[in-house]
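The structure appears below as structure tokens.
The values are calculated or read from the model by the stated rules, or taken from the named source; none is laboratory data. This structure is a prediction, so every number in the text was calculated from the model and none was measured. All Cβ positions, glycine included, derive from the backbone under ideal geometry; neighbour counts span all protein chains shown. Ligands, DNA and RNA are excluded from the accessible area calculation, which covers all protein heavy atoms including side chains. Shrake-Rupley method; radii C 1.70, N 1.55, O 1.52, S 1.80 Å.
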Amino acid sequence: MGEIRVTLYFVKDTLYAVVSLFLKTAVFFVGIMLVVILSPVLRFPAKPPSAAYFLYQISSHGGESFFAALFLALVSTHFRIIRRPGKKLLSFALVLAAAFCILYSGLFGLGVLFPGPDEDEAWAGIGMPLEKGLVQRAGDVFVWIAETEETGRAGAGPVLVMDRGKGAGNFDVYAEGVFDAKSRTVKLSPGGAEISLADPGVVYISPFLRFFIDDLRYIRSILRPRALLDVPALCSVFSLVFFGFSLWTPAKLSRWPLFNLWFTLAVIWIVFSGMRFLGLYLVPELVLFENFSRVARYLPLAFPAFCGLLLFVAGILGKPVTEWKREMRYD
Amino acid sequence: MTKAGRGIILTLIIVYVLTVIILLGWSFFTVPAIRIGALKTNWIIGNTLENLARALIPVHLSAVLFSFSLFFPFEGAGARGRGFFERLRFMGLTFLILTLLYAFLLEAGLPPALKMKEEAVTKIRQADELRIKAKDATARGQLKEARRYLQYALALFPEDEELRYELDTADRAAQIAGQARRAEAPAAENSALLLNMSFDDFLERARNAFDREDYISAEYYAAFALRMNLNHPVPKRIIAQARTKLAESRPSQEVRADMDFFRRKQAGVDILTGGGIIEAYRYFQDLIEERPEDPDVKRYLRLAHAELQKASFLLSEIPLTALGSAGTTEEYISAEGIVFINKSSGADREFLYIRRVIQTDAAYYVLDIEGIALAMDGKVLYHFGAPYGKFIDGTLLMHCVGDAANEDYAPEYYAGNPGDAADRLSVTADPEQLFHIISGGRGYRDVSLWDLVQTAEAASLLGVSSHPVYMAFFSRVFLLFSFFVLSFFAAAWGLRFRSRYAASPPVVYFFFLPLLPFIMILVFHVYQYGLYALQGFLLSALGFFASAAVFCAVQGLFLFFALLVFAKQMRQ
């Protein structure tokens, strides 16, 4: 009976950390992707998007969304592991292995299942249907289509086009127009002229969020497994996961959990931004020097591993988790 | 209030004050190249309030997290006990008051602050434009025009010494030119022709002038009297006698000029009474250029102007810098570019394009109008263009009169013609709402919540997407709800992450405190962006009222969940 109870606690508090990591990654990924998929409606109204549009968004932003989801899950799992009972070392080791496998296979899988828009331009610009009966605007051009179908011919009604750049008498009337939802262009007839409605405006994203998204995009751009066993990609993924794994050190830094949390998040942000800074600004300078050129390109990926190592050593040298837990009254 | 409560309130106040000081400092060091002190202050205050409105929620949440993790007493307070409800009441009241203050900042403080900031930038741009125009006018020898530009620029920046010097220089040049002109054409004698004078009044004046041997005025007034009664012999006699006397007296050059001027005034009145309103207006404008102090000319010019405004408007009413040529020096704001459906009658549609709408205190003006009416089969019923327009009582008046003889701007019909009312158009849109729709690029931040709802409804009627307007509405309401609801979340999570130190945490940790607001800014913006996207989708799928109901329900759920988390932490 006692053995069964010990086993149950082991499963609940040690192995569940891995399950928790899986679940949290999935929930965060779905949440982030939902926002990414819905974000175009911030610019213009839309009907429920098509399946092709979902796929396009996943192929475009799935990588960085998945990476962000995994990292969030990792931080959350760390805080859980150090607070709850269980075999800490085993939990952390399992989480490290699981995070590595999930991230690598996830990035590889996304690359295989949803080829990026740069590889298949046909995906590009999959957009929303036009709003019927409303005047549409794209830059200096205004378009009104009397009757629209979601794709294909725009019915028998006229199409009115106003091009501000033309000078006097800017309104033109066409017998009909064909709207292409993918490219968001209207092909007018007679004449065959095409008008693009692809850019109805720019979504405002706060500079902080934009900065962070740019960090994630950069990291995603250097994390692209080309094959199932792509050694440089394996090393890159391991470097980042190891950094994530080492976050247990700031997670137990003090007896003030709020401080631990904001310090951990700040460390993550600084390391991500540091990678982008190294990759975009420092490496291009260093490769000009012959002695550094071969090493320099690995700097952005070595940076999180280095920071992870520092944190890991600091964690080993610092207060043991058990003692910290006792001070925190978690036991 | 308990000691913990005082600690929390004090922390919040200190954080707010520090935030304002930091944002003031930030604005002070990032102020663009604004030359003039008064506007620099406006810009700094406007920018500070704008940034405060933007940053206040994350900063406030940081302060709540921080203070609840340090000060909030949790010993002996169970979720079901009195302590829980007392603390809940304290939190609820505090957060509600702070939310109301935030609402006041957004709705009452932010719009004038944004206006101050925009005005500062706009005025500087306008002054620079005016200076360039003044230089250009001086180079062309148009000293009067140059003075006008410089006077306007100086009205915008009264302390600008450089502008004052340029105006003085232009003044001196204009004086020299004026002296030369006066030497050629001597000043006129004042006369006192009054409008609405009777036959007897004119006759009386003519007699008096004749008696004091002012034969020019005698002839002038007698001519008016004669026009009122063609059969009366006295005015005829006075005119004849005055002409005889003038012929005998060999008038000086000055008197001859006066005579000529009087005759021209008469001619102007003839044009005016003959229905040539625009011609009369221009005629009197020429006369007033010649003799600016002549009260008759002033009066007739006013009369001509009043008549003219019944059927048209003056180009000079439009603000100077908006127009790019002579115009009023009134302050204005403008918005650019819209096509909307002005009328729908059965299957017919009338579309209107407006390149620019100018809002002054007096009226709304538009530049570059183009209209087209279509039948459902694509047949063009009429199509016109007009350079200028003015909104008057639900109509767009498109007949504009400039100062020069050839400046008469009326709509040009490329196809069809509606006939009599060709120069005016009934407009369904309220110009204020139209202005709001066009200026939506600024995020509708200077439009009140109520106006936003009305503007959205107006946009739908005009065949323009109301989606951005409703989104602006939700984003504003969202901020208020977020302030209140997330405060409870922050309090609950602050409690969850409370300090386990017996006393205060080590001082070194507080050095990292400035990182907390930045983390919260990122977290809040992720939350904000996510909910905006969801709200945008709901708005598209369900419409305004249903999505508003979902919005309220979601916020209510969040609040409920925050209270649950809080209660759980209290139990622990």
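Per-structure values
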{"item": "Test: residue in segment A:305-318 that is within 14 Å of chain B (Cβ to nearest Cβ), part of a helix (DSSP H, G or I), open to solvent by 90 Å² or more (accessible area, probe 1.4 Å) and free of Cβ contacts under 8 Å to residues at least 40 places away in the same chain", "result": "no"}
{"item": "Top-ranked residue in segment B:441-468 [being touching an Asp or Glu at 6+ places or on another chain (Cβ under 9 Å) and hydrophobic (A, V, I, L, M, F, W, C); ranked as surrounded by the fewest Cβ atoms within 10 Å (Cβ to Cβ)]", "result": "B:L449"}
{"item": "Hits in segment B:8-39 (condition: modelled with pLDDT of 85 or more and open to solvent by 60 Å² or more (accessible area, probe 1.4 Å))", "result": "B:L10, B:I13, B:I14, B:V17, B:L18, B:I21, B:I22, B:L24, B:W26, B:F28, B:F29"}
{"item": "Residue check for B:E370: at the interface with another protein chain (Cβ under 9 Å from one of its Cβ atoms) and within 19 Å of B:I318 (Cβ to Cβ)", "result": "yes"}
{"item": "Segment B:278-309, residues that are buried (at least 17 other Cβ atoms within 10 Å of the Cβ), among the hydrophobic types (A, V, I, L, M, F, W, C) and more than 26 Å from B:I392 (Cα to Cα)", "result": "B:L287, B:V297"}
{"item": "Residue list for segment A:263-304, filter: more than 14 Å from every other protein chain (Cβ to nearest Cβ) and either hydroxyl-bearing (S, T, Y) or part of a loop (DSSP other than H, G, I, E, B) (or both)", "result": "A:Y281, A:V287, A:L288, A:F289, A:E290, A:N291, A:F292, A:S293, A:R297, A:Y298"}
{"item": "Where B:R496 falls short, out of the listed (1) under 30 Å from B:G337 (Cα atoms); (2) within 8 Å of another protein chain (Cβ to nearest Cβ); (3) touching a Lys or Arg at 6+ places or on another chain (Cβ under 9 Å)", "result": "(1)"}
{"item": "Helices (runs of 4 or more DSSP H) fully within segment B:415-511 counting 2 or more residues that are under 22 Å from B:L534 (Cα atoms) and basic (K, R)", "result": "none"}
{"item": "Test for B:R227: is it of a type outside the set (S, T, Y) and open to solvent by 70 Å² or more (accessible area, probe 1.4 Å)", "result": "yes"}
{"item": "Candidate set from segment B:469-510 (those that are among the polar types (S, T, N, Q) and under 36 Å from the mean Cα position of the chain (by Cα)); member that is most open to solvent (accessible area, probe 1.4 Å)", "result": "B:S475"}
{"item": "Among residues of segment B:511-549, those that are more than 9 Å from every other protein chain (Cβ to nearest Cβ), open to solvent by 50 Å² or more (accessible area, probe 1.4 Å) and among the hydrophobic types (A, V, I, L, M, F, W, C), counted", "result": "4"}
{"item": "Residue that is modelled with the highest pLDDT [pool: residues in segment A:194-204 that are in contact with a Ser or Thr (Cβ under 9 Å, 6 or more places away or on another chain) and surrounded by fewer than 17 Cβ atoms within 10 Å (Cβ to Cβ)]", "result": "A:E194"}
{"item": "Test: residue in segment A:223-235 that is open to solvent by less than 20 Å² (accessible area, probe 1.4 Å), free of Cβ contacts under 8 Å to residues at least 24 places away in the same chain and farther than 30 Å from A:E176 by Cα", "result": "no"}
{"item": "Segment B:378-393, residues that are free of Cβ contacts under 8 Å to residues at least 24 places away in the same chain and over 32 Å from the mean Cα position of the chain (by Cα)", "result": "B:G378, B:K379"}
